[in-house]
1. Report the equivalent ellipsoid semi-axes for the chain in whole Å, largest first, defined as the square roots of five times the eigenvalues of the gyration tensor built from alpha carbon atoms.
2. So what is the accessible area of the range 9-92 per residue, in Å², with the probe set to 1.4 Å?
3. Given a 1.4 angstrom probe, I'd like the percentage of the accessible area of the range 51-119 that is carbon and sulfur, rounded to a whole number.
4. Tell me which of Leu26, Leu16, Ala37 sits at the most positive position along the dipole axis of the chain, charges placed on C-beta atoms (Lys, Arg +1; Asp, Glu -1).
5. Treating only the Cβ of Lys, Arg, Asp and Glu as charged (+1, +1, -1, -1), what charge dipole size does the range 55-114 show about its Cα centre? Round to the nearest 20 debye.
6. Short version: ³J(HN,Hα) in whole Hz for each residue of the range 79-91, in order, from phi by Karplus 6.51 cos²θ - 1.76 cosθ + 1.60 (θ = phi - 60°), x for Gly and Pro, what are they?
7. For the chain, what is the charge dipole size about the Cα centre, in debye to the nearest 20, if Lys and Arg each add +1 at the Cβ and Asp and Glu each add -1 at the Cβ?
8. Using just the helices of the chain, give the 222 nm mean residue ellipticity in deg cm²/dmol: DSSP H runs with n ≥ 4 each add -39,500 (n - 2.57), and the total is spread over all residues, rounded to 500.
Amino acid sequence: MEIKIHKTLKPYHWMLSIITIPIFGLFTTFYGWIFYATISGQNGIWGNMYSYYDLTKEQYGFSRLIIPLILIGLMIFQLKYLIEKNANQMNKTLLVSLIFIVLWIIGEFYLQTKFIGKG
């Protein structure tokens, strides 16, 4: 009876989801806070970081908003396919997550090339 709990999902589906969902949640919170601090004009490093990249508030803020929105979507789909025990769709979601992470890292490297140190 215990064997049929996972039906078509392999243990790595569960393990990757257990690892990625909380990490995606942390990054969603972190980047969401950066968006909020930038758009609301709060003082400090999170609210003024756009000036270090030679971007406007809106450009920097919305570039920080896109990341949590995508991460929320990936978390929802991972949870959905875990509940449905759909291994095929879970594989696709994990592949999309991997591609997104690679593009995200490339984007952050590109943004660092635009960094202008102040002071």
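The values are calculated or read from the model by the stated rules, or taken from the named source; none is laboratory data. Just so it is clear, the structure is predicted and the values come from calculations on it, not from any experiment. With ideal geometry, Cβ positions are generated from the backbone for all residues, glycine too; neighbour counts draw on all protein chains shown. Each accessible area value is taken on the protein alone, full model and side chains, heavy atoms only, with ligands, DNA and RNA left out. Shrake-Rupley method; radii C 1.70, N 1.55, O 1.52, S 1.80 Å.
1. On the way: eigenvalues 265, 37, 21 Å².
One finds semi-axes of 36, 14, 10 Å for the chain.
2. Details: 4900 Å² over 84 residues.
Ligands and nucleic acids excluded, the figure is 58 Å² per residue.
3. About 70 percent, which is the carbon plus sulfur part of the accessible surface.
4. Leu16
5. With Lys and Arg at +1 and Asp and Glu at -1, about 40 debye.
6. After applying 6.51 cos²θ - 1.76 cosθ + 1.60, I find 5, 4, 6, 5, 5, 6, 6, 9, 5, 4, 5, 5, 4 Hz.
7. Values: 10 positive and 5 negative charges, 58 e Å.
Using only the charged Cβ atoms, the result is roughly 280 debye.
8. Calculated from helices alone, the mean residue ellipticity at 222 nm is -26000 deg cm²/dmol.
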